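K.L.:
The structure under discussion is supplied below as structure tokens; questions concerning it will follow.
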Amino acid sequence: LSSIKVNGEATFNAPFRESDAPAPLDAYGRSKWEAEQALSRIAAETGLGVTVLRPPLIYGPGVKGNIARLLVWIDRGLPLPFASVVNRRSLIYLENLIDAILAVMLHPAPGKTYLLSDAYDLSTPQLIRALARGLDQPPRLLAVPPSLLRLAGACTGQSDAVGRLLGSLRIDANRIETE
């Protein structure tokens, strides 16, 4: 189980595909890429069947990270300055990830890499509205220009986190769906 961060942090014109060259930008993404390469070498030496799954942000019971932070902010009724954000982010529900893991266990695909996604991309405002609905809270979205949010992120040392909330990261999961 790897991470879409092996492909990179953002997409611009087209979604990530398995055929894209890896381009990890942070230590986490690089460590996942290095683990994939190490497993590939072991597979070549031993015949071990290795299939790589690269999921995006996972949501569901016990979620952590950015989704957990958004849930806390929404539950506290904090206004969130993301109404003007126009982006698309691929996500995967925990049970869908488990289904993908089971699928490759039951139908081995040694040597293959699959990108995973729910195949429905959301914008940050759509995600916040959905989370608020799940918490039975109103979504308190403010329209703040993304350029001001980027500036605030730079001033507070949170450029990466702000970039993830503003940028797009889309995944083409057709390969696993087809196979």
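K.L.:
Projected onto the charge dipole of segment 62-179 (+1 at Lys/Arg Cβ, -1 at Asp/Glu Cβ, origin at the Cα centre), which of Leu91, Ala109, Leu71 gives the Cα projection farthest towards the positive end?
P.N.:
Leu71
K.L.:
Could I ask something else about it? Report, to the nearest whole %, how much of the accessible area of segment 90-159 belongs to carbon and sulfur atoms, 1.4 Å probe, protein only.
P.N.:
After summing per-atom areas, the C and S share lands at 61 percent.
K.L.:
Can you tally the net charge around Tyr93? Count Lys and Arg as +1, Asp and Glu as -1, for every other residue whose Cβ sits under 11 Å from the Cβ of Tyr93.
P.N.:
Overall, the nearby charge balance is -3.
K.L.:
Leu25 to Phe12: extension gain in nm, 0.36 nm per residue of separation minus the Cα-Cα distance?
P.N.:
Difference between extended and current length: 3.1 nm.
K.L.:
Note the angle between two axes, namely the Cα long axis of helix 65-75 and the longest principal axis of the Cα atoms of the chain, as a number of degrees from 0 to 90, rounded to the nearest 10.
P.N.:
For helix 65-75, the angle is close to 30 degrees.
K.L.:
Same structure again: To check you understand DSSP bridge types, tell me what percent of the beta bridges within the chain (both residues inside) are antiparallel, rounded to 5.
P.N.:
Around 10 percent of the beta bridges assigned by DSSP in the chain are antiparallel ones.
K.L.:
Restricting attention to segment 127-156, which trypsin sites (Lys or Arg not before Pro) occupy a DSSP loop and are surrounded by at most 16 other Cβ atoms within 10 Å?
P.N.:
Listed in order of number, the matching sites are Arg140.
K.L.:
Let me ask something additional. With a 1.4 Å probe and every protein chain left in place, work out the accessible area per residue of the chain in Å², rounded to a whole number.
P.N.:
Solvent-accessible surface per residue comes out at 57 Å².
K.L.:
Let me ask something else. Give the shape of segment 109-151 as rounded, prolate or oblate, defined through the alpha-carbon gyration tensor: a ≥ b ≥ c are the square roots of its eigenvalues, a/c under 1.5 means rounded, and otherwise the shape is prolate if a/b is larger than b/c and oblate if not.
P.N.:
Because a/c hits 1.5 or more and a/b fails to exceed b/c, segment 109-151 counts as oblate.
K.L.:
Assuming a ≥ b ≥ c are the square roots of the Cα gyration tensor eigenvalues, decide whether segment 127-174 counts as rounded (a/c under 1.5), prolate (otherwise, with a/b larger than b/c) or oblate.
P.N.:
Here segment 127-174 falls in the oblate category.
K.L.:
Follow-up question, since we're still on this one. Which of Pro108, Pro22, Pro146 moves the most in a Gaussian network model of the chain with Cα springs under 10 Å?
P.N.:
Ranking Pro108, Pro22, Pro146 by mean-square fluctuation puts Pro108 first.
K.L.:
Could you let me know the centre-to-centre spacing of segment 7-83 and segment 103-179, using Cα atoms, in angstrom?
P.N.:
Going from one Cα centre to the other spans 10 Å.
K.L.:
May I pose another question? Okay, helix-only estimate at 222 nm for the chain: each DSSP H run of n ≥ 4 adds -39500 (n - 2.57), divide by all residues, round to 500 deg cm²/dmol; what do you get?
P.N.:
-13500 deg cm²/dmol
K.L.:
Moving on to the next point. Taking only C-alpha pairs under 8 Å that are 6+ residues apart, what is the relative contact order of the chain in percent?
P.N.:
Result for the chain is 30 percent.
K.L.:
Same structure, new question: Applying a 10 Å radius around every beta-carbon, put 50-59, 37-46 in order of their mean neighbour count, most first.
P.N.:
The peptides rank, most packed first, as 50-59, 37-46.
The values are calculated or read from the model by the stated rules, or taken from the named source; none is laboratory data. From a predicted model like this one, the values you see are computed outputs, not experimental measurements. All Cβ positions, even for glycine, are placed from backbone atoms using ideal geometry, and neighbour counts span all protein chains on display. Side chains are part of the model used for accessible areas, which takes the heavy atoms of the whole protein and leaves out ligands, DNA and RNA. Shrake-Rupley method; radii C 1.70, N 1.55, O 1.52, S 1.80 Å.
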